[in-house]
Each structure stands twice: as C-alpha cells, then as structure tokens.
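Nothing in this text is a laboratory measurement; each read-out follows from the coordinates by a stated rule. Since the model is a prediction, treat every value here as computed from it, not as a measurement. We place every Cβ from the backbone using ideal geometry, glycine too, and count neighbours over all the protein chains shown.
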Amino acid sequence: MAFDNESFEEEENFAEMFAASEKQQETSRIVEGEIVEIQEDENRALVGVGDKLEGIVSLDEIRGEDGELKFGTGDKIKVMVMGYYNERPKISYKKVLEQQKTIDFIDAHKDNFEELIIEGVITKKNRGGYVVEADDVSFFMPRSLAAFKDSDEVVGRKIKAQVVKIDEAENSIVVSRRKLFNEERKKKKEIIDKLMEDDTIVEGVIKKITSYGMFVDVGGVDGLVHYNEISYKGPVNPSKLYKEGDTVTVKAISYDKDKRHLSLSIKAVQEDPWAEVESELDEGDTITVTVSNIEAYGVFVDLGNDIEGFLHISEITWNKNVKNPNDYLTVGEEIDVEVIEINPKTHKLRVSLKRLLPKPFDEFSKKYNEGDVVTGTVTSLTDFGAFVRIDGVEGLLHNQDVSWDKNVKCKDILKSGDEVEVKIAKINAEDQKISLNRKTLLESPIDKFATTHKINSVVTGTIRDIKEFGVFVSLEDGVDALIRDEDLSPLVKEELEIGQKIEAAIAIIDTRRDRIRLSVKKLDYIKNQALLEEINDNQSHSLGDLIKDKFK
C-alpha cells in the first residue's frame with residue numbers, strides 16, 4: 001500500500017488513540033519524590049510524592065548494572081505518576097528514564113527522520129496498533145502500517161520499521177513496517193534492474209555458506225552463487241575456498257520474479273578457460289596434471305588453468321580389479337595422462353593414465369608362448385570357469401579344461417586367491433584373450449586306460465547317451481567311448497536303450513586326441529574268426545556239430 005496523506009491521517013488518529021490509552025485516570029505526570037523507606041524483604045521502596053501520599057517503586061527499577069541500589073532513604077528521585085490503585089499512586093522511575101530517552105530521541109531526529117529505521121521488539125498490542133520498544137524508547141505502530149495478519153501472534157517479535165512521524169507535543173513517535181517494506185522492495189528492484197544490465201559486475205560480501213552455494217549481499221540484496229557458478233572446474237565445495245565475510249566479485253545471471261530469487265556467478269566474471277582448451281588441446285594429446293581429488297569412482301585432476309579433468313577408475317591401470325584409486329594415486333601428485341575426450345558443450349574433459357602405460361597383454365605375448373606351463377592366481381570364479389592372473393594378465397580356465405572328470409567345475413575345487421598351475425592353451429592376439437588348461441597337466445584317464453587295454457580288447461560298458469551318429473558308452477574309471485552307427489552291426493540301434501550293458505571291441509585308442517572308439521561289428525568279426533580257428537583245431541567234430549553247439 002502506498003504511503004499517502006490518508007495514511008498520515010490514520011496515523012494521527014491512531015497516535016491520539018495510543019496517547020489516550022497511555023493515560024489512566026488522570027494525565028501521567030512527572031514529580032520529584034523522596035524515598036521514605038526501603039523494604040528489602042519486599043523488594044520495594046516507598047516514595048513520597050506529595051499530599052502525604054506514598055507510591056511504591058520496585059527496587060529492580062533503581063538498581064545499577066552492578067546490582068547495587070542507586071538511591072537510599074531520604075534521596076530525591078523523579079518518578080512518573082500514572083494513576084492510582086486503591087488510593088495509592090501508581091509510580092515508576094523507569095518510565096521517567098524511558099520518557100527522557102524518548103524526548104532525547106525526538107530532539108535528535110525531529111528534523112531528519114524521513115529515512116530513519118529502528119529495530120525493536122513489540123511489547124504491547126492495543127486497539128489502535130502496537131507499542132514497539134528499541135533502546136528503551138517507545139514507538140507506536142498503527143495496525144494499518146504493521147503489515148501483520150490479524151491472527152499473527154506478534155508480542156515479543158523483533159521487527160524493523162521506518163519512522164514516519166514525530167509529534168513533540170504528544171511526545172510520540174510513529175513508525176511503519178509497511179513503508180519500510182515498500183522502500184526496501186523499491187530499492188531492491190532498482191538494484192536488481194541495475195545488476196541485470198549487460199556486463200554489470202559488482203562486489204558483494206558473503207553472508208552465508210551452505211553445501212549448495214553461497215549467499216552474497218550485493219548492495220543490500222542477497223543473491224545465491226550456486227556451487228556450479230563458483231569455478232569452471234565444475235561443482236566445488238565453497239567452504240574450502242571462502243569464508244563468511246569475504247568480498248567476492250560477481251555478476252547477476254538470472255532473476256526469478258515469482259520466487260524473488262537472484263542468481264549470481266563468480267565464474268561468469270572470469271575468462272572462460274575452455275576457450276584455451278578448445279584451441280590448444282586435441283584428443284590423444286599427453287599433458288601433465290595434478291591430482292586434486294580422489295573419489296571411489298575415479299580421480300579429478302587439475303590442468304592448472306582452473307579446469308579439472310576426470311580420470312575414471314577404469315582408466316587408471318590395465319588391472320581390471322581396481323577397488324580403490326587411493327591404492328594408485330595421491331592428492332597433489334603430478335602425473336602424465338592422455339586426453340581421451342573433450343566436450344566443450346558440457347565442459348567435460350576425460351583423461352587416461354593407463355593408455356600411457358605398457359599393455360600387459362603385449363608384455364605377456366612377448367614373454368610367453370602357447371604350450372608354456374605357468375603358475376597363476378585365481379582372481380574370480382564364474383559359472384563357466386575361473387579367471388587366473390598371470391603377470392598382470394587374466395586368462396580363462398574353462399570348466400571343461402579344469403579336470404578330466406566332466407562333472408567337476410572350477411568352483412568345486414578352486415577359490416579366489418588360490419595358486420594354480422596351468423598350461424597356456426591359446427593366445428588370441430586379436431581379441432586379447434588367453435585360454436588356459438589344467439587337466440592336460442594331470443594324468444588322462446585314457447592314458448591310464450591305454451596301459452591296461454589294447455586294440456581289439458573286448459570290453460563291456462553302459463550306454464550313456466544315444467546320438468544321431470552313434471552311441472556313447474561309459475567304461476571303467478570314468479572313461480567314455482564312442483560306437484559309431486556303422487560299427488553297431490549286428491545290433492539294431494533302435495532297440496538300444498540308455499543304461500543298457502553293451503559289449504564291444506576296442507577299435508581305436510587315441511591318447512593325443514583323448515578319445516576311444518569301440519566296435520560291435522569288429523567284436524562280431526573277432527568272435528567269428530575265433531570260431532573258425534576252433535573248427536580248424538578240432539577235426540574230430542564235424543563243422544555242423546560245432547556250429548550247432550555254438551548256437552545252442
């Protein structure tokens with residue numbers, strides 16, 4: 001609401017109401033009295049004010065700052081008579097002092113109070129408005145100039161208000177909280193309009209530092225410098241760079257009229273170092289940087305021109321099992337890195353340390369060959385095998401290569417941290433993968449089988465599986481053998497069942513390829529040959545008898 005003549009008329013009416021409310025049964029007056037008795041037990045003094053009348057003053061009103069009484073019995077003292085209670089005068093020494101301070105305030109400011117602002121406490125609420133006390137001076141604030149809701153509890157509240165009228169005759173001072181708000185709003189608008197002009201740079205004082213930025217006072221208006229607007233490095237912790245009371249140079253970057261939120265920037269005042277980065281650096285360049293901050297996910301490095309690059313944990317070393325960057329780098333350490341990404345739009349720069357280091361795979365390929373037997377450390381186990389580290393490079397030991405027993409998996413016999421002897425089965429330079437084998441270093445069940453069995457030996461096994469091309473048979477000591485379809489005769493494949501016992505002759509024992517072939521057909525041939533030999537050896541019997549006996 002504008003402060004106009006009508007408002008002044010309301011003030012005058014309210015001032016009259018205030019003055020009337022302060023007068024009791026008769027006009028308050030100041031008289032010189034005499035202390036006739038001090039009653040310590042009652043914490044009071046009896047003061048004669050004339051006409052053989054005595055008023056009561058609390059001893060608290062006449063004590064000094066040291067707690068001692070400033071007056072004694074028989075001393076003259078000025079008191080204010082404010083009325084009567086049970087025919088005894090209501091008097092106050094404190095009111096005299098307050099009134100004198102009010103008089104002194106009026107004398108000091110009656111000719112130049114237009115921009116005078118007081119800060120006090122609301123001590124009383126009456127029908128016309130509020131009594132505000134500041135430095136023992138009483139001020140009156142009409143309800144219409146208070147800018148409070150009727151429901152607000154305001155007694156005891158600290159406020160600021162502007163002096164709008166001084167009445168020497170009534171010894172009263174009228175203040176307005178509403179006018180102060182209007183003046184401050186007008187002043188704030190002027191300051192913000194000035195700040196929002198292009199390229200306006202000002203100095204401000206940091207009033208408060210928070211985790212998300214700093215509140216800076218620029219000419220009486222508070223603005224927020226978000227932590228993203230402090231440095232071109234990106235988000236920074238303001239408490240590590242500044243303290244409350246510091247002076248900073250800022251520039252206004254936006255103002256939200258609805259929220260009355262002024263945004264300021266420190267980095268907008270500085271030259272953008274990204275212009276130098278874009279013109280001087282290319283991806284693939286090697287630069288020297290300083291480690292500025294280490295996080296669990298990577299390392300921030302300082303380029304020395306208020307720009308930070310990011311070294312992701314995966315770019316620190318070729319070792320894929322990095323758990324903590326602190327194990328490799330320390331804050332303040334200078335390192336050489338390769339620039340792997342420059343994004344001027346998002347102001348992000350990514351670097352790599354490992355790309356300047358020798359690749360472990362290349363070093364491994366120079367040192368080892370396929371067929372070499374080495375000792376490695378198990379780093380992790382999966383459903384399909386185990387990863388084994390050898391000189392900083394990991395190779396895969398597949399389940400099928402850990403044991404001759406097809407039912408055994410890596411996680412059944414190994415655990416992380418175990419040392420295991422393996423043979424390098426394959427080095428794939430194109431995919432940079434290494435295949436390992438453990439079972440070839442162990443005695444093969446087929447090698448063992450070959451020491452007790454020979455070609456054409458007759459064996460009995462159990463049908464384990466039936467395939468389109470033949471039948472797999474389980475023999476002793478976990479050895480499997482294959483009977484191809486063409487070797488099943490005279491048996492009929494369709495009549496065979498898994499789990500069925502079957503007899504056959506050994507056709508092939510291939511220890512190099514780790515396989516055995518059986519043949520029912522060959523067994524039948526061997527039996528027929530044996531039968532003919534028996535016939536030739538036994539001339540006393542007819543061929544017909546022999547055949548008849550064999551097939552009974």
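Taking every DSSP helix (H) stretch of at least 4 residues in the chain, weighting each as -39,500 (n - 2.57) and dividing the sum by the residue count yields a mean residue ellipticity at 222 nm of -6000 deg cm²/dmol.
Taking all Cα pairs closer than 8 Å and separated by 6 or more residues, the relative contact order of region 196-269 comes to 34 percent. Reported value for region 30-187: 155 Å³ per residue, from the convex hull of its C-alpha atoms.
In this structure, Lys188 and Lys110 have a Cβ-Cβ separation that, at R0 = 22 Å, corresponds to a calculated FRET efficiency of about 0.15. Restricting the trypsin sites (Lys or Arg not before Pro) of region 29-103 to loop positions (DSSP other than H, G, I, E, B) with no more than 16 neighbouring Cβ atoms within 10 Å leaves Lys52, Lys70.
Each listed q (0.10, 0.12 Å⁻¹) maps to a log10 I(q)/I(0) for region 226-373, found by the Debye formula over equal Cα scatterers with no solvent: -0.48, -0.63.
Within region 383-530, the proportion of C-alpha pairs whose separation exceeds 23 Å stands at 49%. Exposure here means at most 13 other Cβ atoms within 10 Å; with chymotrypsin sites (Phe, Trp or Tyr not before Pro) in a DSSP loop as sites, the longest stretch of the chain lacking them is 1-211.
Given Cα pairs under 8 Å that are at least 6 residues apart, what percent is the relative contact order of the chain?
So the answer I get is 5 percent.
Go ahead and run the numbers for FRET between Gln100 and Asp66, Cβ-Cβ distance against an R0 of 25 Å, rounding to 0.05.
So the FRET efficiency works out to roughly 0.70.
In a reduced charge model with +1 at each Lys and Arg Cβ and -1 at each Asp and Glu Cβ, region 283-354 shows a dipole moment near 360 debye about its Cα centre. Extent along the principal axes, Cα only, for region 446-526: 33, 25, 20 Å, with the longest axis given first. Compactness of region 196-269, taken as the C-alpha radius of gyration over 2.2 N^0.38 Å, stands at 1.00. If you plug the beta carbon distance of Ser403 and Thr330 into 1/(1 + (r/R0)^6) with R0 = 45 Å, you get a FRET efficiency near 0.50. Counting pairs of Cα atoms in region 158-202, how many percent are more than 17 Å apart? Cα-Cα pairs in region 158-202 separated by more than 17 Å: 53 percent. Note on the chain: with charges restricted to the Cβ of Lys and Arg (+1) and Asp and Glu (-1), its dipole about the Cα centre is near 2300 debye. Normalised by residue count, the chain yields a Cα convex hull volume of 368 Å³ per residue. Each of Asn182, Ile192, Val202 was scored by the projection of its Cα onto the charge dipole of region 173-213, and the greatest displacement toward the positive side belongs to Asn182; charges sit on the C-beta of Lys, Arg, Asp and Glu.
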